[in-house]
Amino acid sequence: MNTFVKYSFVALGIQVVASAELVLAAHATGLLIVIDVYYPLIFFITKLGGFTGESTMMLPVFFGIPSGILLYGALFGLSVSLLKGFKKQDS
């Protein structure tokens, strides 16, 4: 459990810093890269959200990127903790 929490927070920090760097870059392509990385969750939120009008363009992105950061961080922490657990069993 300790490994999961540690690596989840490491992955969260890396994603937040990388996303902020890309969005704050001088080029508009940084935002497009961030949207492409988190597009599966943005699409999922768009389908489940029932947004109408202009909120269809904005809110899924605002909800999808933070949700994606949390989900990808948790998945990374889970995978590292499982891999370390398998290595302990083999030894």
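The values are calculated or read from the model by the stated rules, or taken from the named source; none is laboratory data. Nothing here was measured: the structure is a model prediction, and the numbers come from that model. Cβ: placed from backbone, ideal geometry, glycine included. Neighbour counts: every protein chain shown.
Residues in the range 32-91 that are exposed (fewer than 12 other Cβ atoms within 10 Å of the Cβ), of a type in the set (S, T, N, Q) and part of a helix (DSSP H, G or I): GLN89 alone. If the condition is being within 15 Å of the chain's Cα centre (by Cα), surrounded by 15 or more Cβ atoms within 10 Å (Cβ to Cβ) and either assigned to a loop (DSSP other than H, G, I, E, B) or touching a residue at least 12 places away in the same chain (Cβ under 8 Å) (or both), then the range 1-31 contributes TYR7, SER8, ALA11, LEU12, GLN15, SER19, LEU22. Does LEU48 count as modelled with pLDDT of 90 or more and out of contact with any helix residue (DSSP H, G or I) (no Cβ under 9 Å at 6 or more places or on another chain)? In short, yes.
Cβ-Cβ distances below 9 Å connect the following pairs, each with a first residue in the range 53-64 that is closer than 14 Å to VAL37 by Cα, a second residue that is outside any helix (DSSP H, G or I) and among the hydroxyl-bearing types (Ser, Thr, Tyr), and a separation of six or more residues or different chains: VAL61/TYR38; GLY64/TYR38.
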